[in-house]
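The values are calculated or read from the model by the stated rules, or taken from the named source; none is laboratory data. Here the structure is a predicted model, which is why all the values come from computation and not from measurement. SASA here: full protein model, heavy atoms, side chains in, ligands and nucleic acids out. Shrake-Rupley method; radii C 1.70, N 1.55, O 1.52, S 1.80 Å.
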Amino acid sequence: WKPMLKAIHDREQGIEDALSKVDKMKADIAAMQSENEALLAKAREERAQMIKEAKETADKMVADAKEKAKNEYDRIVADAQFAINQPKNAALTDVKNQVGSLVVEVAEKVLRRELSNKAEQENYIKQLSDGVKLN
């Protein structure tokens, strides 16, 4: 019986060792699953943060591009208005100068005519003096 009992005892010991190894493996697997879940949660959190940062960066780039385009538009409009107003102002100045010259020329001709005829000149002076009212 001794060899049989020894074989049974060895068999029991092997089974107990196997069961303890299984329990240890279950604990290791549970720890790994817990670690994997923590890693997955961390990875999801990092992914969400990266997506948020990418969206913020994209929004900032769009806002910067819009601002740059608006500034460029404003500059182009200002340049166009200046380009339009500059010749316009030059033309107005030229017209004013020409009108001034014509007024002086006409006034000179009128005065020469008025001063050439003494009777008409005296008549004109009399009309002006009659028009003045003294208080």
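Key figures
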quantity: Solvent-accessible area, 1.4 Å probe, carbon plus sulfur percent, for the chain; calculated: 61
quantity: Per principal axis, descending, Cα span of the chain in whole Å; calculated: 173, 39, 7
quantity: Rounded accessible area per residue of the chain, 1.4 Å, Å²; calculated: 95
quantity: Ellipticity estimate at 222 nm from DSSP helix runs (n ≥ 4, -39,500 (n - 2.57)) divided over the chain, nearest 500; calculated: -36000 deg cm²/dmol
quantity: Between 0 and 90°, nearest 10: helix 118-131 axis offset from the chain longest Cα axis; calculated: 60
